[in-house]
Amino acid sequence: MEIKNNLLFKDNSQVEYIQSPNTNGQSRLIVPSYVIIHYTADSSMEGAIDWFKNPVAEASAHLVIGRDGRIVQMVPFNQRAWHAGNSSWGNIVGLNSYSVGIELVNAGKLVKKQGNYVNWAGHVIPEDEVIQAIHKNETSPCFWHEYTQAQFDAAIEVSKALVSTYSILEILGHDDIAPGRKTDPGPAFPMSAFTSRVFGRA
Ligand SMILES: [Zn+2]
């Protein structure tokens, strides 16, 4: 994968692009130094894309990655997408102005109700896609929707392209830059293995 003019390409073809209106456009360009990983909090790729296409959402991400590894870009990487909200890291406040946001399709935190694992929207997640783990910002175990290998691999490939194009300092979770307010990508996402693969460490 490669990036040309702030757009993602694979094998010399532009990756699927669906414009989100939820960006500052040309009026407030950015130079990304961070990559922020999110989950969409639901299991439908189309639902996530439709939401980010809706001006009412006032939310967007540069990339959405489906559970089958499908990648859709929605905002050019040099434009400010609206994924981080109130956030800080070190001395930096408001990570939207400094980062690329990647949304992974994942139902997020789950609860067990009448024998089913359901997310906030009440959508049932198959038991074989559920893990139990303690979030690093929490103290007791919860159920979480697992990520898929195809999605993980796709996220690595796009992050490598971002690292080789921009001066990316760190890859962070939304739960790193907005702890207490946000739990994504959560303990089901193997962040240290991910960053090692992206930055080429063994
Ligand atoms: Zn998020």
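The values are calculated or read from the model by the stated rules, or taken from the named source; none is laboratory data. In this text, all values refer to a predicted model and were calculated from it rather than measured experimentally. In this analysis, Cβ positions are derived from the backbone assuming ideal geometry, glycine residues included, and neighbour counts consider all displayed protein chains.
Condition first: of a type outside the set (Ser, Thr, Tyr), in contact (Cβ under 8 Å) with a residue 24 or more places away in the chain and over 19 Å from Ser33 (Cβ atoms). Can you find one or more residues in segment 87-101 that meet it? No, there is no match, as no residue in segment 87-101 is of a type outside the set (Ser, Thr, Tyr), in contact (Cβ under 8 Å) with a residue 24 or more places away in the chain and over 19 Å from Ser33 (Cβ atoms).
Of the residues making up segment 61-71, none is in contact with a strand residue (DSSP E or B) (Cβ under 8 Å, 6 or more places away or on another chain), in contact (Cβ under 8 Å) with a residue 40 or more places away in the chain, farther than 15 Å from Ala155 by Cβ and of a type outside the set (Lys, Arg). If you go through segment 117-127 one residue at a time, how many are assigned to a loop (DSSP other than H, G, I, E, B), under 29 Å from Glu157 (Cα atoms) and in contact with a Ser or Thr (Cβ under 8 Å, 6 or more places away or on another chain)? Count: 1. The single condition among (1) modelled with pLDDT of 95 or more; (2) surrounded by fewer than 14 Cβ atoms within 10 Å (Cβ to Cβ) that Ser167 does not satisfy is (1). Is it the case, given these coordinates, that Gln79 is farther than 19 Å from Lys182 by Cβ, surrounded by 18 or more Cβ atoms within 10 Å (Cβ to Cβ) and over 15 Å from the mean Cα position of the chain (by Cα)? Considered against the rule, which asks whether it is farther than 19 Å from Lys182 by Cβ, surrounded by 18 or more Cβ atoms within 10 Å (Cβ to Cβ) and over 15 Å from the mean Cα position of the chain (by Cα), Gln79 comes out as yes.
Taking Asp153 as the residue in question, decide whether it is within 17 Å of Ile65 (Cα to Cα) and of a type outside the set (A, V, I, L, M). So Asp153 passes the test.
Within segment 131-141, is even one residue closer than 30 Å to Asn12 by Cα, modelled with pLDDT of 95 or more and surrounded by fewer than 22 Cβ atoms within 10 Å (Cβ to Cβ)? No, segment 131-141 contains no residue that is closer than 30 Å to Asn12 by Cα, modelled with pLDDT of 95 or more and surrounded by fewer than 22 Cβ atoms within 10 Å (Cβ to Cβ). Screening segment 6-116 for strands (runs of 3 or more DSSP E) wholly inside it with 1 or more residues that are within 14 Å of the ligand (Cβ to nearest atom) returns the ranges 34-39, 63-65, 99-104, 109-113. Residues of segment 45-75 that are out of contact with any Gly (no Cβ under 9 Å at 6 or more places or on another chain) and among the polar types (S, T, N, Q): Asn54, Gln73.
Here is a yes/no grid of residues against (1) farther than 22 Å from Glu170 by Cβ; (2) polar (S, T, N, Q):
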residue: Ser27; (1), (2): yes, yes
residue: Ser43; (1), (2): yes, yes
residue: Ala57; (1), (2): yes, no
residue: Leu63; (1), (2): no, no
residue: Val75; (1), (2): no, no
residue: Val111; (1), (2): yes, no
